[in-house]
Each structure stands twice: as structure tokens, then as C-alpha cells.
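Here is the structure we will look at.
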Amino acid sequence: MYNWHKAMNISELAENKPTEILAGDKQLCLFKRNGTVFAFAALCPHTSAPLCEGWIDARGHIVCPLHSYRFNPANGYNSSGEGYKLKTYPVEIRDNEIFVGILS
Ligand code: FES
């Protein structure tokens, strides 16, 4: 069962710019690309660098600022091949507001 947390209005989230939010008691990173919003853990699963200080590559994957591991923000897959998994969260847009689902 998800608890849905309102994050921000979709117009406040810049395209391809990772942005940190607090949803419930979780620090998350959001970014928007081609109208889709992704939510994932703010800290890298490798050694906990802040992913919101990273960048988005040409495939739309988040690149960690510390060691440049890459993750698909849709499913957390470690697309640069080191075998880690990024925790991702479901997103819904309701009346232009971004909601993130956290399992209760
Ligand atoms: S801490 Fe993110 S790749 Fe190492």
C-alpha cells in the first residue's frame, strides 16, 4: 500500500535537472524528461554520493557525480554494469502536482 506524498507542481521542475525533495521521511531525487517524471533515492547505492548533484546522460539515465555509475531512473537498473540497484519510487501527476508513492 502506497502513501502518496505531494512533491511540487510539475511546472517547478526543470527539464533534465535532478532536484532533491523530502517525501515523508525519505530524501529523494526527482527529474523530468520529455514529460515523464522519475523519482529515486537521493543517495547513490554505491557509496552514497548525492545523485542530485549528478547529471542526465543522452539515454536519460542519471550519472552519479562521484564515480560516474549510471542508473535507469525508471527501474533502477545499473546501466553502466557495476551490479548495483538504485531504489526507485512510483510517480503520479494529479492536476499538475507531482505525487510520489512510498510503501507504508
Ligand atoms: S558513489 Fe555513486 S558511483 Fe560511486
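With the simple spin-label model, which puts each label point 7 Å out from Cα in the Cβ direction, the residue 27 to residue 4 separation comes to 2.7 nm. Placing R0 at 22 angstrom, the Cβ-Cβ distance between residue 58 and residue 93 gives a FRET efficiency of 0.35 after rounding to 0.05.
Compactness of the chain is given as radius of gyration and Dmax, 12.7, 39 Å, from Cα positions.
Restriction of the trypsin sites (Lys or Arg not before Pro) in segment 1-82 to DSSP coil positions whose beta-carbon has at most 15 other beta-carbons within 10 angstrom yields 59.
Throughout, read-outs are computed from the coordinates displayed, never taken from laboratory work. Remember, it's a predicted structure, so these values are computed and weren't measured experimentally. Cβ coordinates were reconstructed from backbone atoms using ideal geometry, including for glycine residues, and neighbour counts include every protein chain displayed.
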